[in-house]
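So the structure is just underneath, and the comments pick up after that.
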Amino acid sequence: MTAAMDLFGRQGYHATTIAQIEAAAGLSAGAGGLYRHFRSKRAVLEEGLDRQATAGRQLLSYLAVEPAPAGRRERFLAVARAGLARLEEERDVNRLLLRDLASFPDLLDLVRERELRRVHLAVTEFLRAELPGEEDPEALAAVVMAAVSHYWIMADVFGGKHPHEVDTERFLRALVRVVVPEDLFADDVVDGGGVDGAT
């Protein structure tokens, strides 16, 4: 499974052959060893997506954990960092999502239902709790997820370095300033919830 998902991520599902998967997994290439474990190449892909659906607990767990870091900006920064880390951990599946899953509408629906909606709901609830005055936390969650995802995608496409040459920390802190306005940040200071001086 690991070998297959790595190949799918690097060269694409359609360009990857069963023989390549077998060779990468230490089986005799072309001897059919993969079929002792999976009925087809698609079955390998389905299993990889199932694994992703059960992953991501770090991000979702963080969103539900109390106590969190002091200060709204620090809590949001921690969530955004966890989101980027999750995207990187699931790099191969994310590449598949962008490049290959349009060929499998049913699997694309699966990712939307079991992964994207689940994370969107968790981020929405986090924002609703953190920003009670926000008029549309669902839309804001979509904006935040889009920003973090796009940053990761562009960095991945350009070999790990974002084309705008804005490093990860600068990006995340700018995003935090946009999402958590200065007046709410001031409330944190008044309430005594210390915030990192670099924020």
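The values are calculated or read from the model by the stated rules, or taken from the named source; none is laboratory data. Small disclaimer: the values here were computed from a predicted structure and weren't measured. Methodologically, a virtual Cβ is constructed for each residue, glycine included, from the backbone with ideal geometry; neighbour enumeration extends over all protein chains shown.
Overview of values
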| read-out | value |
| --- | --- |
| First in region 1-21 and closer than 11 Å to GLY48 by Cβ, second anywhere and aromatic (Phe, Trp, Tyr) and outside any helix (DSSP H, G or I), Cβ under 8 Å, 6 or more apart | none |
| Sole residue being of a type in the set (D, E, K, R), at pLDDT below 90 and over 23 Å from VAL157 (Cα atoms), chosen from ARG118, ARG86, ARG128, ARG99 | ARG118 |
| Residues of region 121-173 satisfying the condition of being among the aliphatic types (A, V, I, L, M) and more than 19 Å from the chain's Cα centre (by Cα) | ALA129, LEU131, VAL166 |
| Index of the failed condition, HIS150 passing every other in (1) in contact with a Phe, Trp or Tyr (Cβ under 7 Å, 6 or more places away or on another chain); (2) free of Cβ contacts under 8 Å to residues at least 12 places away in the same chain; (3) assigned to a helix (DSSP H, G or I) | (1) |
| Region 159-199, residues that are surrounded by 13 or more Cβ atoms within 10 Å (Cβ to Cβ), β-branched (Val, Ile, Thr) and at pLDDT below 50 | VAL195, THR199 |
| Among the candidates LEU7, LEU49, LEU45, residue that is in a helix (DSSP H, G or I), at pLDDT below 90, buried (at least 17 other Cβ atoms within 10 Å of the Cβ) and hydrophobic (A, V, I, L, M, F, W, C) | LEU49 |
| ARG36 vs. criteria of a type outside the set (A, V, I, L, M) and within 21 Å of the chain's Cα centre (by Cα) | no |
| Given (1) in contact (Cβ under 8 Å) with a residue 24 or more places away in the chain; (2) outside any helix (DSSP H, G or I), number of the condition SER28 does not satisfy | (1) |
| Filter result (under 19 Å from LEU98 (Cα atoms) and not small (Gly, Ala, Ser)) within region 3-29 | MET5, ASP6, LEU7, PHE8, ARG10, GLN11, TYR13, HIS14, THR16 |
